[in-house]
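*Asks:* One structure follows; several queries about it will come next.
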Amino acid sequence: MENRRDWLKKALAASAAFPLGASLMTELMAAPVSDAERRFMASGASGQITIRLNANENPYGPSPKARAAIAGMLGEANRYPSNSVEELKKLLAEKEGVTSGHILVGAGSSDLLCAAGVAFGVEEGSILSAFPTFPMLMNYSTVFNARWDKADVNDKLETDYPLLASKVNDNTRLVYVCNPNNPTGTFTDPSVVKGFCEEVSSRVPVFADEAYLEFLQPSWQVSMVDLVRRDMNVIVARTFSKIHGLAGLRIGYIVARPDIAKKISRYHPGIPCNQAGLAAATASLGDTEFMASVRQKNAHARKHLTDYLDAKKYFYGNPAGNFVMFKPESDAYQLMNALGKKGIGIRVWDYKDKQWCRVSIGTLEEMRTFTHAMESLS
């Protein structure tokens, strides 16, 4: 069985364009993260999935304002989006309290994670992160000769920030953190993350991925952008793919000091966004009513899942976003395959010689379908 690094090298070799092209990025986003997933994908059963509890998507779609904006911009679909990108950058800069030079817009935050992976990976040191976490940046960096250094999450599946800080060394080029963390779903108090970023960024840059921040209750939505405003060596990634429901339209951004943003932009495509996505993102920005609605529905559906896991005494990471990671009782491949035959998709991670299932939060009806399927398989 080929290992992940060999798989990545093959993906790179198969890409005919510059490695930042869509081919490799798509391969990396869809890459298996466990033996169970490799077997499942090889079987062809993934084509049966109709209930997508495997991609942390917003099941409710874009907001009414975003839908109206998409319809309204169709007359501009023949125009390149350069002006629209600049307009969105200005709005984002105003929202974040920085200048446009601090903002880099991309085709989803994954696009920018890849660019950062190259920017710091070519320095041939190491990229440090918790494990497991969202691997996109580190996967890209290893293609460009960096090493991925890992700090295991703690027994509660939470990022161990003291352990992570202790592993920073002279070869570390960047530290990646994700809060709430994907795939574990766990959340760390912002004061802890802030203290970590303040201390570590004095030695190496810290990349704070805040893709799921808006799923938290508003009082917990504390962004690390404040550290960027203070000219610290911190990069913050945000996305419209999650709570805004624009995953298919691919809009995300990073906030960083202008010199760092410029460094990453050297490895970023010139026109990565489309007019529909830009219009939808602009309309979604600040749509607190829609975000509150999605947050409430997500919490309700998530509670249905965690109530089931509690009743069955499954161990799981205490979730704060729109996904839950739990330890299955049986073989994860068999569970994934059986659920797949029922049209339900999940993800599986290998971690510490154990298998872990991650289930995205769908609608309440979808979560009821999932728990009913689980019950029928037990």
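The values are calculated or read from the model by the stated rules, or taken from the named source; none is laboratory data. Note that this is a predicted model, so its numbers are computed, not measured. Quick reminder, even Gly has a Cβ in these numbers, built from the backbone with ideal geometry, and neighbours come from all protein chains shown. Heavy atoms of the whole protein, side chains included, go into the accessibility calculation; ligands, DNA and RNA do not. Shrake-Rupley method; radii C 1.70, N 1.55, O 1.52, S 1.80 Å.
*Asks:* Given the criterion modelled with pLDDT under 95, closer than 20 Å to LEU213 by Cα and not charged (D, E, K, R), identify the matching residue among GLY108, GLY75, GLY44. Spell out the reasoning first.
*Replies:* Details: GLY75 fails: closer than 20 Å to LEU213 by Cα; GLY44 fails: closer than 20 Å to LEU213 by Cα.
Exactly one residue qualifies, and that residue is GLY108.
*Asks:* Could you grab me the full set of residues in region 333-367 that are hydrophobic (A, V, I, L, M, F, W, C) and more than 20 Å from PRO319 (Cα to Cα)? Full working, then the answer.
*Replies:* If we filter region 333-367 for residues that are hydrophobic (A, V, I, L, M, F, W, C), which is where we start, we get 335-336, 338-339, 344, 346, 348-349, 356-357, 359, 361, 364, 367.
Passing the criteria: LEU335, MET336, ALA338, LEU339, ILE344.
*Asks:* Please work out which residue is nearest to LEU227 (Cα to Cα), limiting yourself to region 238-264 and to residues that are among the basic types (Lys, Arg) and not in a loop (DSSP other than H, G, I, E, B).
*Replies:* Ranking the qualifying residues of region 238-264, first place goes to ARG238.
*Asks:* Next question. Only one of PHE315, PHE326 is surrounded by 20 or more Cβ atoms within 10 Å (Cβ to Cβ), out of contact with any Asp or Glu (no Cβ under 8 Å at 6 or more places or on another chain), over 15 Å from GLY245 (Cβ atoms) and modelled with pLDDT of 95 or more; which? Walk me through how you get there before you give the answer.
*Replies:* On the way: PHE315 fails: surrounded by 20 or more Cβ atoms within 10 Å (Cβ to Cβ).
Matching residue, one of PHE315, PHE326: PHE326.
*Asks:* Only one residue in ALA77, ALA119 is open to solvent by less than 20 Å² (accessible area, probe 1.4 Å) and farther than 30 Å from GLN355 by Cα, so which one is that?
*Replies:* Numbers: ALA77 fails: open to solvent by less than 20 Å² (accessible area, probe 1.4 Å).
On inspection, the qualifying residue turns out to be ALA119.
*Asks:* List the residue pairs whose Cβ atoms are under 6 Å apart, where the first residue sits in region 352-378 and is more than 19 Å from ASP155 (Cα to Cα) and in contact (Cβ under 8 Å) with a residue 12 or more places away in the chain, the second is part of a loop (DSSP other than H, G, I, E, B) and open to solvent by 50 Å² or more (accessible area, probe 1.4 Å), and the two are 6 or more positions apart or on different chains.
*Replies:* Here the result reads GLY362/PRO59; THR363/PRO59; ALA373/LYS342, each pair linking region 352-378 to a residue that is part of a loop (DSSP other than H, G, I, E, B) and open to solvent by 50 Å² or more (accessible area, probe 1.4 Å).
*Asks:* Give me a count of the residues in region 82-116 that are surrounded by fewer than 21 Cβ atoms within 10 Å (Cβ to Cβ) and either in contact with a Pro (Cβ under 8 Å, 6 or more places away or on another chain) or under 25 Å from VAL193 (Cβ atoms) (or both).
*Replies:* Residues flagged as surrounded by fewer than 21 Cβ atoms within 10 Å (Cβ to Cβ) and either in contact with a Pro (Cβ under 8 Å, 6 or more places away or on another chain) or under 25 Å from VAL193 (Cβ atoms) (or both) within region 82-116 amount to 8.
*Asks:* Return the residues of region 12-38 that are at pLDDT 75 or above, buried (at least 17 other Cβ atoms within 10 Å of the Cβ) and part of a helix (DSSP H, G or I); say none if nothing qualifies.
*Replies:* Here is the first cut: in region 12-38, the residues at pLDDT 75 or above are 32-38.
Filter again for buried (at least 17 other Cβ atoms within 10 Å of the Cβ), leaving 32-34, 36-38.
Of everything in region 12-38, those that are at pLDDT 75 or above, buried (at least 17 other Cβ atoms within 10 Å of the Cβ) and part of a helix (DSSP H, G or I) turn out to be ALA36, GLU37, ARG38.
*Asks:* To continue, here is another question. Where in region 280-378 are there helices (runs of 4 or more DSSP H), lying fully within it, with 2 or more residues that are under 30 Å from LEU74 (Cβ atoms)?
*Replies:* Working: elements: 288-311, 332-341, 364-377.
In region 280-378, 288-311 are the helices (runs of 4 or more DSSP H) which contain 2 or more residues that are under 30 Å from LEU74 (Cβ atoms).
*Asks:* Then there's this: Do we have any residue at all in region 197-218 that's modelled with pLDDT under 95 and not polar (S, T, N, Q)?
*Replies:* Yes; the residues of region 197-218 include at least one that is modelled with pLDDT under 95 and not polar (S, T, N, Q).
*Asks:* Taking THR306 as meeting all but one of (1) under 20 Å from the mean Cα position of the chain (by Cα); (2) touching a residue at least 12 places away in the same chain (Cβ under 8 Å), write down the number of the exception.
*Replies:* Every condition holds for THR306 apart from (1).
*Asks:* Still on this model: Quick one: which of VAL177, VAL153 is under 22 Å from ILE264 (Cβ atoms), β-branched (Val, Ile, Thr) and at pLDDT 95 or above? Even if it seems obvious, please write down each step before you answer.
*Replies:* Numbers: VAL153 fails: under 22 Å from ILE264 (Cβ atoms).
Every option except VAL177 fails the conditions.
*Asks:* Somewhere in region 270-277, is a residue open to solvent by 50 Å² or more (accessible area, probe 1.4 Å) and under 30 Å from SER126 (Cβ atoms)?
*Replies:* Within region 270-277, one or more residues are open to solvent by 50 Å² or more (accessible area, probe 1.4 Å) and under 30 Å from SER126 (Cβ atoms).
*Asks:* Quick one: GLY343 ticks every box in (1) open to solvent by 10 Å² or more (accessible area, probe 1.4 Å); (2) over 20 Å from LEU157 (Cβ atoms) bar one, so which box is it?
*Replies:* (1)
*Asks:* Could you tell me which numbered condition ILE271 fails, if it satisfies all but one of (1) closer than 16 Å to GLU210 by Cβ; (2) out of contact with any Leu (no Cβ under 8 Å at 6 or more places or on another chain); (3) of a type in the set (A, V, I, L, M)?
*Replies:* (1)
*Asks:* Still on this structure, I have one more. Looking at region 52-65, can you tell me whether even one residue there is in a helix (DSSP H, G or I), under 26 Å from GLU366 (Cβ atoms) and modelled with pLDDT of 95 or more? Even if it seems obvious, please write down each step before you answer.
*Replies:* From region 52-65, those in a helix (DSSP H, G or I) are 64-65; that's our starting set.
Among the residues that remain, those that are also under 26 Å from GLU366 (Cβ atoms) are: 64-65.
Still in the list and also modelled with pLDDT of 95 or more: 64-65.
For region 52-65, residues in a helix (DSSP H, G or I), under 26 Å from GLU366 (Cβ atoms) and modelled with pLDDT of 95 or more: present.
*Asks:* A follow-up question, please. Would you mention how many residues in region 280-292 are free of Cβ contacts under 8 Å to residues at least 60 places away in the same chain and under 22 Å from the mean Cα position of the chain (by Cα)?
*Replies:* Looking only at region 280-292, we keep the residues that are free of Cβ contacts under 8 Å to residues at least 60 places away in the same chain, and these are 288-289, 292.
Now drop any that are not under 22 Å from the mean Cα position of the chain (by Cα), which leaves 288, 292.
So the count comes out to 2.
*Asks:* Looking at the structure I just gave you, is VAL294 touching a Leu at 6+ places or on another chain (Cβ under 8 Å) and open to solvent by less than 40 Å² (accessible area, probe 1.4 Å)?
*Replies:* Against the criterion (touching a Leu at 6+ places or on another chain (Cβ under 8 Å) and open to solvent by less than 40 Å² (accessible area, probe 1.4 Å)), VAL294 does not qualify.
*Asks:* Do any residues in region 45-63 that are acidic (Asp, Glu) have Cβ atoms under 6 Å from those of residues that are surrounded by 17 or more Cβ atoms within 10 Å (Cβ to Cβ) and modelled with pLDDT of 95 or more, where the two are at least six apart or on different chains, and which pairs are they?
*Replies:* GLU57/ALA247
*Asks:* Out of (1) over 13 Å from the mean Cα position of the chain (by Cα); (2) open to solvent by 30 Å² or more (accessible area, probe 1.4 Å); (3) closer than 22 Å to CYS114 by Cβ, the odd one out for LEU246 is which?
*Replies:* All conditions pass for LEU246, except number (2).
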